[in-house]
Amino acid sequence: MREQLRGFAAAVLGSAREAGDLARVRGELRVLAEAVFGSEPLYDTLTDGAIPVATRRAVVEDLLSGAAPATVQLAGEAIANERSGEVPPTLEWLVERAEAEERAAEAGQPAFNDPPAGRSAIKARLDGFATALFQSLEDRSEVDEAEDELFRFARTVEGSAPLRGALTNPDVPVEVRQAVVTDLVGGKVRPATARLIAYTVGAARARGLVDLLDWLVERAAAERGLRVADVRAAVDLDEGQRQRLAAALSRMTGRPVELRVSVDPSLLGGLRVLVGDTVIDGTIRRRLERLRVELASEDTLAPPSQVEG
């Protein structure tokens, strides 16, 4: 099971739950899975890797004519992201996943959470979740707003050790940590952003929450064809400085760059820029640290003083 589909399914089924469509989606997915296993021609078509994905997807979408949009989304994503031979069992897994979400809803419990995973798997899940949410936004400018909200929340968490601890404490149940998010951002950010933050808190490991939130900022920017530059400055930059820095970074990366500037007086002066995995550190604090290392090295290598007799 590809982890991206787990995240995609979590987002789509969560939306279906909010719309009261879970039972319908679960039923339609079950009918589709039974049809695939009950029809040799259909089974062969969906598992034939020589048939283009677009063609196999069109076959399923034709079968699901009149079905709930969430059902069509999930089935289409299964075909697009799973190996051809894995499509039938993946459809069965989607039925089980919908049933789990339905049971949680009937019991009045929070959204069903997928099992813990490693860092790469978590990122894949977040990518799938974000993909589904961004697809659901009618106005593309909402992606820009979600990106800004994610960035501000990441900086809030980064700057508050108590909040960071409350959201990442593995001894606190996931549902409780997600409830903290709901209380904190409810009504202050877009619903899609709140859902994305809550899902991230549920999936993140203890010390990786801020990094994942920053990665989601980049993911939202990529949705709009941009790269994000996380700029830490000792003092705020004026508009001219921002434009010159963005132009220089765009030339370096070969893509339009969007600056996200935060002020950190502890840097003393200069800038620290993070673009993807590239770090450009031109801060005074960094220079002082390097000087201290060099001085310490010189002290170590200096010959011992001779004592005159």
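The values are calculated or read from the model by the stated rules, or taken from the named source; none is laboratory data. Predicted model only: the values in this text are computed from it and were never measured. Ideal geometry is used to build each Cβ from the backbone, glycine not excepted, and the neighbour counts take in all protein chains shown.
Each row is one residue, and each column tells you yes or no for (1) touching a residue at least 24 places away in the same chain (Cβ under 8 Å); (2) crowded, with 16+ Cβ neighbours inside 10 Å.
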| residue | (1), (2) |
| --- | --- |
| Gly240 | no, no |
| Arg260 | yes, yes |
| Arg272 | yes, yes |
| Asp281 | no, yes |
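Quick check on this structure: which one of Ala58, Ala33, Ala9 is over 22 Å from the mean Cα position of the chain (by Cα), modelled with pLDDT of 95 or more and not hydroxyl-bearing (Ser, Thr, Tyr)? Give the steps one after another, and end with the answer.
Numbers: Ala58 fails: modelled with pLDDT of 95 or more; Ala9 fails: over 22 Å from the mean Cα position of the chain (by Cα).
Within the list Ala58, Ala33, Ala9, the selection yields Ala33.
Just checking: which of the helices (runs of 4 or more DSSP H) contained wholly in the stretch 75-174 hold 3 or more residues that are free of Cβ contacts under 8 Å to residues at least 24 places away in the same chain and over 30 Å from Leu259 (Cα atoms)?
Values: elements: 87-106, 119-136, 141-158, 161-168.
Answer list for the stretch 75-174: 87-106.
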- Note on the structure: Gly49 vs (1) part of a helix (DSSP H, G or I); (2) more than 26 Å from the chain's Cα centre (by Cα); (3) not hydroxyl-bearing (Ser, Thr, Tyr): all pass except (1)
- Query: Quick one: how many residues across the stretch 101-123 are within 19 Å of Arg17 (Cα to Cα) and buried (at least 16 other Cβ atoms within 10 Å of the Cβ)?
  - Reply: 9
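What do you reckon, is Glu34 among the charged types (D, E, K, R), assigned to a helix (DSSP H, G or I) and over 29 Å from Leu196 (Cα atoms)? It would help to see each step written out before you state the result.
Numbers: among the charged types (D, E, K, R): yes; assigned to a helix (DSSP H, G or I): yes; over 29 Å from Leu196 (Cα atoms): yes.
The answer is yes for Glu34.
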- Query: Just a yes or no: is a residue in the stretch 209-226 modelled with pLDDT under 85, closer than 17 Å to Val273 by Cβ and outside any helix (DSSP H, G or I)?
  - Reply: yes
- Pairing a residue in the stretch 52-63 that is among the β-branched types (Val, Ile, Thr) with any residue that is part of a helix (DSSP H, G or I) and at pLDDT below 90, where Cβ atoms lie under 7 Å and the two sit 6 or more apart in sequence or on different chains, gives Val53/Ala80
- Message: Out of Val72, Val59, I need the residue that is farther than 30 Å from Val176 by Cβ, touching a Ser or Thr at 6+ places or on another chain (Cβ under 7 Å) and part of a helix (DSSP H, G or I). Which one?
- Response: Val59
- Out of the residues in the stretch 227-265 that are within 23 Å of Ala192 (Cβ to Cβ) and either touching a Gly at 6+ places or on another chain (Cβ under 6 Å) or basic (Lys, Arg) (or both), which is modelled with the highest pLDDT? Arg260
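Could you identify the single residue in Val172, Val185 that is over 20 Å from Val12 (Cβ atoms) and in contact with a helix residue (DSSP H, G or I) (Cβ under 6 Å, 6 or more places away or on another chain)? Steps first, please.
Values: Val172 fails: in contact with a helix residue (DSSP H, G or I) (Cβ under 6 Å, 6 or more places away or on another chain).
Checking each option against the conditions leaves just Val185.
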